[in-house]
Amino acid sequence: MLDLSGIVSDSIVDGPGIRTTFFCQGCPHHCPGCHNPETWDFGCGTTVPVEELVDVVKSNPLCRGVTFSGGEPFAQAAGFAKLARLLKAQGYEVASYSGYTFEELLNGSEDQKELLATIDILIDGPFLMAEKSLEIAFRGSRNQRILDVPKSLAAGKAVPTASARWLGEY
Ligand code: SF4
């Protein structure tokens with residue numbers, strides 16, 4: 001089960017192409033200037049079985065990718081890892097935002113490490129008002145990185161994506 005604050009089934013702002021975005025409920029980071037402070041409180045969203053969320057993604061034939069957004073997806077890591085596994089098995093690209101950095105997640109809980117091992121792309125780090133920019137693709141502040149997760153895990157350090165799709169160069 002996942003506790004969600006919302007679902008957008010035709011997003012074009014949470015990654016390249018038409019994507020389904022799942023917004024989770026609950027975030028421990030409380031970044032000043034956060035665009036979604038209504039997602040901070042835990043336990044007050046809509047609780048949905050993971051299998052139903054796969055059906056939501058499949059209901060849009062134009063959808064090629066899925067993004068987990070916040071709230072903090074890694075605060076519900078076990079559920080999102082299960083969802084990511086099911087989506088990957090269906091051929092979807094899976095990306096997740098996190099207010100944690102890649103380095104923090106590498107040393108996180110077993111569930112957080114499992115979620116990390118299941119996704120393709122991580123947009124990491126908290127929103128920092130001092131680093132705010134409207135000119136960078138898919139991020140709110142310049143400290144946030146778009147990481148190739150399989151390459152990062154193989155290297156043991158953060159590896160930015162080289163994908164032109166993700167860099168907004170397409
Ligand atoms: S991590 Fe994201 S959702 Fe959480 S407070 Fe920061 S900007 Fe808002």
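A few points about this structure:
- Modelled label positions at MET129 and ALA117, each set 7 Å beyond Cα in the direction of Cβ, lie 4.0 nm from each other.
- With neighbour counts taken as other beta-carbon atoms within 10 Å, the residues TRP166, TRP40 rank, fewest first, as TRP40, TRP166.
- In this simple spin-label approximation, VAL8 and ASN60 carry label points 7 Å from Cα along the Cα→Cβ vector, and these lie 0.9 nm apart.
- When the pairs LYS82/LYS113; LYS88/LYS151; LYS88/LYS113; LYS113/LYS151; LYS82/LYS132; LYS58/LYS157 are compared against a 22 Å limit on Cα-Cα distance, LYS82/LYS132; LYS58/LYS157 fall above it.
- Residues VAL57, VAL48, sorted so that the one with the fewest Cβ neighbours within 10 Å comes first: VAL48, VAL57
- Antiparallel bridges, percent of DSSP beta bridges restricted to the stretch 2-155 (to nearest 5): 50 percent
- Rounded to the nearest 500, the 222 nm mean residue ellipticity of the chain from helices alone is -7000 deg cm²/dmol, with -39,500 (n - 2.57) taken per DSSP H run of at least 4 residues.
Laboratory data are not the source of any read-out in this text; all were calculated from the coordinates shown. No experiment lies behind these values; they were computed from the predicted model shown. Glycine also receives a Cβ, built like all others from the backbone with ideal geometry; neighbour counts cover every protein chain displayed.
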